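Trainee: Can you read through this structure? Questions will come right after.
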Amino acid sequence: MSLRIAPARARDGVPTATVERLPSYLHVLERLRASGISTVSSADLAERSGVTSAKLRKDLSHLGSLGTRGVGYDVDFLYRSIADWLGVHEPMGVVIVGLGNLGSALATYRGFAGGGFRIVGLVDSDPAVIGRQVSCGDALVTVRPVADLPAVAATAQIGVIATPGAAAQDACDRLVAAGVEHILNFAPCFLSVPPGVEVRAIDVGVELQILAFRRRQAVHHTGAVSA
């Protein structure tokens, strides 16, 4: 079986949409491994991942020659190839700013470790929360005040903002000043950042509105057909 992983330099030319789908493939492969399944066809893997076979094969082609025609993919090898390409075997430090309900849930989420992340810092402005120890995977992390953010973020590559909207820009500015260039924003607001800093926003309210719109649209079309 001839298997070749794409060199690291090829990563720059991979479409963003492909990069965003690779973690989904990784999660499916992880479940297959846990079930003791050793090989999987592109059609099966695509169906389990919610994409077409053609799209899956094109996505994986960016990583190298990973499968065998007529046989499919070796589940363990493909899992390790995607994991290595994404860098999940090199744990990245994450600092969470805002330890309200959402921030606390994120801090104790056990999926971080499996995805190649570890919580290295927790920050909040509430005196009632500061000093509290939170179980983050296998480690206890103490919540620190906002003033300590530069020191807390020293070993972090990714910042997570889970503050109210009014405090989000200040949290973002502090993260950027501390050298964090990749930020995941859960606050319901737009964040202004300098060139070179990437922000991915997750606004639950917006996503719900989109789903509500699509539901109304589907109902409208169904009613029109029925009529």
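Trainee: Using the count of nearby Cβ atoms within 10 Å as a rough guide to exposure, how do 221, 27 rank from fewest to most?
Mentor: Numbers: 221 10, 27 16.
Going from least to most buried by this count: 221, 27.
Trainee: Do you know the relative contact order of the stretch 92-227, to the nearest whole percent, from alpha carbon pairs under 8 angstrom that are 6+ apart?
Mentor: Details: 239 pairs, mean separation 27.3, N = 136.
About 20 percent, as a whole number.
Trainee: Counting pairs of alpha carbon atoms under 8 Å apart in space and at least six apart in sequence, what relative contact order in percent does the stretch 4-86 give? Write out the running numbers ahead of the final one.
Mentor: On the way: 75 pairs, mean separation 35.6, N = 83.
RCO, the stretch 4-86: 43 percent.
Trainee: Where does the Debye-calculated log10 I(q)/I(0) of the stretch 80-201 sit at q = 0.13, 0.18, 0.19 Å⁻¹, using only Cα point scatterers of equal weight, no solvent?
Mentor: Results for the stretch 80-201 at q = 0.13, 0.18, 0.19 Å⁻¹ read -0.47, -0.90, -1.00.
Trainee: Same structure, new question: Can you tell me the relative contact order of the stretch 149-217? Whole percent, Cα pairs under 8 Å, sequence separation 6 or more.
Mentor: On the way: 94 pairs, mean separation 19.8, N = 69.
Here the relative contact order equals 29 percent.
Trainee: Here's a follow-up. The list [x] 18.0, 56; [y] 20.8, 64; [z] 20.2, 78 gives values of Rg and Dmax of the Cα atoms in Å, and only one came from this structure; which label was calculated from it?
Mentor: [y]
Trainee: Where both partners of a DSSP beta bridge lie in the stretch 92-206, what percent of those bridges are antiparallel, to the nearest 5?
Mentor: Numbers: 4 of 25 bridges.
In the stretch 92-206, approximately 15 percent of DSSP beta bridges are antiparallel ones.
Trainee: To continue, here is another question. What ranking of 158, 202, 96 emerges when the number of other C-beta atoms within 10 Å of each C-beta is taken as an exposure proxy, fewest first? Could you put the intermediate results ahead of the total?
Mentor: Working: 158 20, 202 13, 96 30.
With the fewest neighbours first, 158, 202, 96 line up as 202, 158, 96.
Trainee: Per-residue ellipticity at 222 nm for the chain, helices alone: DSSP H runs ≥ 4 residues times -39500 (n - 2.57), over residue total, nearest 500 deg cm²/dmol?
Mentor: Working: 9 runs with 99 residues, N = 227.
My calculation for the chain gives -13000 deg cm²/dmol from helical runs alone.
Trainee: Taking K and R as +1 and D and E as -1, what net charge do the other residues with C-beta under 14 Å from the C-beta of residue 36 add up to?
Mentor: Numbers: positive: 31, 33; negative: 30, 74, 76.
Computed value for this residue: -1.
Trainee: Once the other residues with Cβ under 12 Å from the Cβ of residue 143 are scored (Lys, Arg +1; Asp, Glu -1), what is the net sum? Mind dumping the intermediate values first?
Mentor: Numbers: positive: 132, 144; negative: 124, 126, 148.
Here the charged neighbours net out to -1.
Quick note: the coordinates plus some simple rules give every number you see, no bench work behind them. Note that the structure is predicted; figures quoted are calculated from it, not measured. Neighbour counts run over all protein chains shown; Cβ positions are idealised from the backbone, glycine included.
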